[in-house]
Amino acid sequence: MGKGDPSRGRRTPLRGVVAVCVALALVPACARPRPHVPYRQRHIPLQGADNFRDLGGYATRDGRTVRFGLLFRSGDLSRLTGDDLETLGHLHLRTIFNLRSEREGGSRPYRLPEEDPPRVVHLPVDVAPLFPGLLRSLILRGDVGPFEFSRRHIEANVAYVLDFREEFGTLLRTLVEPGALPALVHCTRGKDRTGFAAALILLALGVPRDAVFEDYLLTNRYTAASQRRTIRLVRLASLFRVSEEEIRPLVEARPEYLEAALDTIDEHFGSVEAYLKEGLGLTEAQLERLREASLE
């Protein structure tokens with residue numbers, strides 16, 4: 001090879017990379033160093049929760065950006081593994097908002113990092129259109145029309161706005177308390193109640209609606225596998241009387257669901273800002289503290 005051969009200087013580094021990859025492949029998984037949560041990572045992969053993610057990175061209308069590492073959303077935490085708990089420990093969560101109802105076992109404790117565990121605030125949001133028992137009854141009877149589940153989700157989002165102002169107001173007011181951040185909000189699937197709560201938080205911070213919808217719909221990306229499993233199980237439970245297309249509105253996050261909530265806010269309060277203040281009881285000073293703590 002001549003001195004000008006461009007591959008000459010790359011041989012040793014490439015061999016080194018290959019050697020490292022082979023060495024890592026031969027190390028038992030339990031002996032490998034567990035990675036810390038990367039900074040500025042939206043989705044945080046966990047073995048026991050498929051929809052755990054950071055609300056950071058969204059730009060606001062005034063040119064600021066939501067900080068990473070402060071506000072998180074997720075589904076159920078009851079299946080977290082030991083490695084998952086270690087990952088959560090690196091987030092240094094101070095507050096967890098649990099939106100699950102009593103009928104979902106929402107008050108039952110779940111596994112949390114043992115060292116300096118976060119405070120859990122239970123704010124049960126239980127809406128009649130989505131009662132688990134009622135949904136099961138409809139499925140087992142095969143009594144589901146093409147618009148049944150989408151209609152129920154739209155009704156639920158209207159109820160979030162009008163009937164659970166105390167719960168969502170408490171959530172936002174707690175976020176501005178000293179030492180409340182970093183914080184996580186979750187329900188069972190991290191889709192509907194959590195989706196509405198996350199939307200409220202982002203809107204309160206000044207994130208435009210198109211980005212809020214973007215975050216809302218990311219659920220479909222990160223729960224695609226569990227959606228497919230649920231569809232199969234529901235079809236089986238209904239003895240295949242319920243079609244896949246009839247089930248999809250049950251398991252998916254759809255823009256019309258959040259649109260129903262925001263339309264209800266506009267209809268009854270005139271704007272999100274008015275809803276935050278008049279409907280949820282936040283003051284301008286509290287909203288400003290939330291923005292100062294959460295934006296960069």
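Every number in this text was worked out from the coordinates using simple rules, so none of it is lab data. Just so it is clear, the structure is predicted and the values come from calculations on it, not from any experiment. In this analysis, Cβ positions are derived from the backbone assuming ideal geometry, glycine residues included, and neighbour counts consider all displayed protein chains.
Things worth noting here:
- Between the range 150-164 and the range 182-207, the alpha-carbon center distance in angstrom: 15
- In terms of packing, defined here as the mean over residues of other Cβ atoms within 10 angstrom, the peptides 135-148, 180-193 line up highest first as 180-193, 135-148.
- Theoretical FRET efficiency, 1/(1+(r/R0)^6), r = Cβ-Cβ of Arg209 and Lys277, R0 22 Å, to 0.05: 0.75
- Label-point gap, in nm, between Thr230 and Ser243 - each point 7 angstrom along Cα→Cβ: 2.0
- You can think of it this way: the chain between Arg151 and Glu292 has 46.9 nm of extra reach, that is 0.36 nm per residue less the Cα-Cα gap.
- Unit charges at the beta carbon, dipole of the range 159-296: most positive-side option, Val185, Asn220, His268: Asn220
- Peptides 257-270, 279-292, 109-122 ordered by packing proxy, namely the average of other Cβ atoms within 10 Å per residue, highest first: 257-270, 279-292, 109-122.
- Zone residues, the range 212-242, relative to Arg141, backbone N less than 17 Å from point 7 Å out along Cα-to-Cβ: 237-242
- Tensor-based shape of the range 43-294 (alpha-carbon gyration tensor, a/c under 1.5 rounded, otherwise prolate or oblate): oblate
- The range 43-294, relative contact order in percent, only Cα pairs under 8 angstrom and at least six apart counted: 24
- Listed residues Ala204, Ala159, Ala128, most fluctuating in the chain (Gaussian network, C-alpha, under 10 Å): Ala128
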